[in-house]
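Taken together, the values in this text are just the output of simple stated rules run on the coordinates, not laboratory data. The shown structure was predicted, so the numbers you read here are calculated from the model rather than taken from an experiment. Reconstructed Cβ throughout: ideal geometry from the backbone, glycine too, with neighbour counts over all protein chains shown.
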Amino acid sequence: MAARNRTVGSLALELLAKSREAALCAIRVFNDPHVSFKSETFIVLMVIAWTYLMHAHYRKKGVEYRYYEQQGKKRKFDRTKHGAYKYWELEHCLNDKVSPIDKDTANNIRFLIGLRHEIEHQMTRSLDNYLSGRYQACALNYNDYVKKLFGKRYGLDDHLTYCIQFVELMADQFNGPKPVADIPERLRAYVAEYDAGLDHDSYNSPRYSYRLLFKKKLVNRSGQADRVVEFIDPKSDLAKSIDKEYWVKKEVERTKYLPSRVVEEVRKAGFPKFRVQPDHVEMWKAEDAKNPAKGFGVQVEGAWYWYDSWIQRCVELCTQAANKFK
């Protein structure tokens, strides 16, 4: 039987179909309350979805997305040991000069690719809520580009919705402190370093992370409010009042200090007798300062680094100690 001769258009649509199926599987898995392996599965499937979508687009546009070497007027294509062509991975698709993906969407995808490398072969359930805004942005971005590149009929609008979540929405949690996510330190370090590399506008872009502020709504008559989510005009008086009352702080300071630098900075603050041993060691042990929930530092590749907040705390403690360190 002769090999099937697929046209450019038919192969592009085949790639698109696989892309949409991968995206729908990712969304379905993340919304399934019986699945505990959400983040890992969602990321892997969305990377596949984006890769096929980019390949479909390049195929339609006549862009060669296979690896090759130019030898004179001929191209020598790279192949696996079994003879299959080697196609561009997702990062190469994003980095190419003809990529149609905007900067903030690409930032979101690259973040998830890097996160996939960090969590590979490990289950970290608390990531599901910790980074849900970036997953939501990834799904919305994908839907937007499917329609932009191939037409509205290929959109996933009927499948993208807000699933009911019980985590962090219980009434007795509203007035208490938000629980600290149990995230491994190396993953916290990855998230912090990636975020610190973005400018203010990129970090706050809804294409990078989709963030919503929810407020419980009280109504005066029955039948007035049945929707879980309502959108308001950002220029309205209500939106302006929310902006005044609610601020989202991005912690952009990521300078890290070894103990010797901490001691150096504390001495500059007016405490020349402050030493690494035993003063600093006794101080951080007494304060339980290496507890991740305190936010005083981070462990990177086995070494502990302190943030400015810990230096400030050391200065406060030295001040309370009267003349002990002067």
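Would you please give the residues with an amide H less than 5 Å from that of Tyr68, counting only those at least 5 places away or on a separate chain, with H modeled from the backbone geometry?
So Tyr68 has HN proximity to Asp78.
Please give the length that would be gained between Lys81 and Thr255 if that part of the chain were fully extended, namely 0.36 nm times their separation in residues minus their C-alpha to C-alpha distance (nm, one decimal).
Values: separation 174, 0.36 × 174 = 62.64 nm, distance 4.60 nm.
Contour length minus Cα-Cα distance gives 58.0 nm.
Can you flag which of Lys76/Lys148; Lys18/Lys61; Lys38/Lys86; Lys273/Lys294; Lys18/Lys152; Lys61/Lys147 are past 24 Å Cα-Cα? Each step should come with its number before you reach the end.
On the way: Lys76/Lys148 33 Å; Lys18/Lys61 18 Å; Lys38/Lys86 29 Å; Lys273/Lys294 26 Å; Lys18/Lys152 17 Å; Lys61/Lys147 16 Å.
Going by Cα-Cα distance, Lys76/Lys148; Lys38/Lys86; Lys273/Lys294 fall outside the 24 Å limit.
Run the quick spin-label model on Gln320 and Lys73: label points 7 Å from Cα toward the beta carbon, then report their separation in nm to one decimal.
8.1 nm
Give me a comma-separated list of calculated 3J(HN,Hα) values for the stretch 104-114, in order, Karplus coefficients 6.51, -1.76, 1.60 applied at θ = phi - 60°, integers in Hz, x for any Gly or Pro.
Here the 3J(HN,Hα) series is 5, 5, 5, 4, 4, 5, 4, 4, 5, 4, x Hz.
Any idea how far apart Asp308 and Arg267 come out in nm if each label point goes 7 Å out from Cα toward Cβ?
A separation of 2.2 nm, rounded to one decimal place.
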